[in-house]
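None of the figures in this text is laboratory data; all of them are computed from the coordinates on show. This structure is a prediction, so every number in the text was calculated from the model and none was measured. We place every Cβ from the backbone using ideal geometry, glycine too, and count neighbours over all the protein chains shown.
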Amino acid sequence: MMLPEQIAGEDPEDTRLLKEMLEKARAYLTRHAWCPAIRETRLAFGIGGIIALFLVQLEERIAGTDDQLWVVVGDLPSAYFVLDDVPGPPSALDTYCSLMEDWVEAVLSGHGLQECFPVDAKPSRTNALALKSRLAFLRQHVLSEAPEQHDGPQ
């Protein structure tokens with residue numbers, strides 16, 4: 001996993017986009033009132049402008065429990081989740097897809113969103129189908145590219 005100063009994409013444009021996504025991930029997480037200060041952020045996996053997965057180490061535990069979170073940002077809804085049973089990037093991306101698929105299914109079936117991760121998108125059929133398509137692409141083409149290791153902060 002790469003520290004911010006180590007982030008390097010496949011080319012200068014990819015590097016620029018990944019660094020912008022780092023700032024987007026930090027801003028997304030810190031806009032939540034419960035979020036303590038961030039100690040360290042590492043890029044676990046990224047495709048500039050499309051998707052980036054960050055492992056975030058917090059200065060203190062959230063409600064006495066977790067001090068690390070996965071954060072996903074990109075051209076799809078942002079999300080955060082704890083590391084429990086999510087040992088590395090492929091598992092984290094799979095968890096992200098599952099969280100978003102729950103939202104898609106709830107929207108398309110007309111069920112309430114109370115049990116779903118809060119997605120920053122209007123719960124419309126159009127948005128659900130667009131997200132469903134992106135998630136299918138991620139599962140088919142991106143998850144296989146994510147490295148297995150989890151060598152971030154413990």
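Here are the numbers:
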quantity	calculated
Relative exposure of 41, 126, 30, judged by other C-beta atoms within 10 Å (fewest first)	126, 30, 41
Given charges at beta-carbon only (K, R positive; D, E negative), |dipole| of the chain in Debye	540
Protection proxy ranking, peptides 67-80, 112-125, 10-23, average beta carbon neighbours within 10 Å, highest first	67-80, 10-23, 112-125
Rounded if a/c under 1.5, otherwise prolate or oblate - the stretch 8-154, Cα gyration tensor axes	oblate
Dipole magnitude of the stretch 63-102 about its Cα centre (Cβ charges: Lys, Arg +1; Asp, Glu -1), debye to nearest 20	100
Peptides 135-143, 84-92 ordered by average Cβ neighbours within 10 Å, highest first	84-92, 135-143
Theoretical ellipticity at 222 nm over the chain - DSSP helices of four or more residues, -39500 (n - 2.57) apiece, nearest 500	-11500 deg cm²/dmol
Summed side-chain charge close to residue 12 - residues other than residue 12 whose Cβ falls under 14 Å, Lys, Arg +1, Asp, Glu -1	-3
